[in-house]
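Reading through the structure tokens given below for one structure.
The values are calculated or read from the model by the stated rules, or taken from the named source; none is laboratory data. On a predicted model such as this, the values are computed, not experimentally measured, just so you know. All Cβ positions, glycine included, derive from the backbone under ideal geometry; neighbour counts span all protein chains shown.
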Amino acid sequence: MNLKDLPKIELHCHLDGSVRPKTVIDIAKREKIDIPSYDIKEITELMIAPMECASLDEYLEKFSLPIKIMQSEYSLKRITYELLEDAAKENVKYMEIRFAPLLHTNGGLDTKRIIESVLSGIKEAEGKYDIKGNLILSFFKTVSPSSIFEVLEIGKEYLNKGVVAVDLCGAERKGFAKEFIEPMALAKEYGYRITIHAGETGIGENVLDSIELLGAERIGHGVNIDNCKKAYDMVKDRGIALEICMSSNVQTKAVGTIKNHPMYDFHKDGIKVTLNTDNRTVSNTDMSKEISLALKEFDISKDDYKKIYYNAVDMCFADEIIKKRLNEYI
């Protein structure tokens, strides 16, 4: 398969984990933000997580520098535009970008302007490249539910105008879903779609809770459903898609090696898997690299890839017009 020409869809990509190192330096200089260095090599090293991370927590530390400079309308718009530009250049036709609005208020921006800045970046990129984008509003599992309600109220103005879903992200602890039943129920009532980070670090039961208690239609990662039969069966029987991010899963110790990743076994057993980067900069990857890893380690066929692509079309949060167009690319 010609990876460059292959049409691609990405459903799990964090904005703050996909910032160009040069852009961090540019914005820091422009907005007079103090950063550890202005040397591109040093900044790049600070932003990329090693493959031998000790844990998910160590991996998450790499987000502190990008978030520091993502506190203005200019920075949010530019970084969003550049992410879609980078994706379009590797033939990504559709992507869903997720970010946590509450992380970008340190410069005085309110939630409305934060969301609008990111949507503006998406729109600008769509006008220049053959790519479509939508936005997922993420919330860390450590925030109070009351702060989620506030963002849901503001964000609903943009539903079907670029905002499509909500997500819970961050370090995983057993039973987290029980704390977020009310805000996720309200999100669903308003019309947000729901995807939840769960089953990433050994707790398959969290996937079960995310589906049953929170109404998750997709699961971010979910690689540990194989240690919880109820979760595994529910994902398979209900057609819940897994947003697989192989490089990231190795870095966070969700799996030991790419070769041991359960992605292909899930796929062969009829579970809907999709391929994604998670964080293009932090994991030093892109969609072409992730597909290449799958080709190398699992020898996936053209038919396998088409099925995975169609899974992404089927389970993306785009409207039917965009879905029809995406199906025509392959």
Would you check if Met234 is within 30 Å of Pro66 (Cα to Cα), among the aliphatic types (A, V, I, L, M) and touching a helix residue (DSSP H, G or I) at 6+ places or on another chain (Cβ under 8 Å)?
-> no
Has segment 51-65 got at least one residue that is within 20 Å of the chain's Cα centre (by Cα), surrounded by fewer than 18 Cβ atoms within 10 Å (Cβ to Cβ), in a helix (DSSP H, G or I) and among the polar types (S, T, N, Q)?
-> yes
Of all residues in segment 184-196, how many are of a type outside the set (A, V, I, L, M), buried (at least 22 other Cβ atoms within 10 Å of the Cβ) and free of Cβ contacts under 8 Å to residues at least 40 places away in the same chain?
-> 0
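Condition check ((1) over 26 Å from Lys93 (Cβ atoms); (2) in contact (Cβ under 8 Å) with a residue 24 or more places away in the chain) across all residues:
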| residue | (1), (2) |
| --- | --- |
| Asn2 | no, no |
| Val19 | no, yes |
| Lys29 | yes, no |
| Ile35 | yes, yes |
| Tyr38 | yes, no |
| Glu45 | yes, no |
Of the residues Ile211, Ile203, which is assigned to a helix (DSSP H, G or I) and of a type in the set (A, V, I, L, M)?
-> Ile211
Inter-residue pairs, beta-carbon under 6 Å, first under 29 Å from Met51 (Cβ atoms) and in segment 61-76, second modelled with pLDDT under 95 and of a type in the set (A, V, I, L, M), 6+ apart = Lys62/Ala49; Leu65/Leu46
Taking the condition free of Cβ contacts under 8 Å to residues at least 24 places away in the same chain, within 17 Å of Asn91 (Cα to Cα) and among the hydroxyl-bearing types (Ser, Thr, Tyr), does Tyr329 pass?
-> no
Test each condition in (1) in contact with a Leu (Cβ under 9 Å, 6 or more places away or on another chain); (2) of a type in the set (Lys, Arg); (3) surrounded by fewer than 21 Cβ atoms within 10 Å (Cβ to Cβ) for Lys123 and report the one that comes out false.
-> (1)
Pick from Asp269, Asp278, Asp286: which is at pLDDT 95 or above and over 19 Å from the mean Cα position of the chain (by Cα)?
-> Asp269
Members of segment 223-246 found to be assigned to a helix (DSSP H, G or I), surrounded by fewer than 23 Cβ atoms within 10 Å (Cβ to Cβ) and in contact (Cβ under 8 Å) with a residue 12 or more places away in the chain, listed by number = Asp226, Asn227, Lys230, Tyr232, Met234, Lys236, Arg238
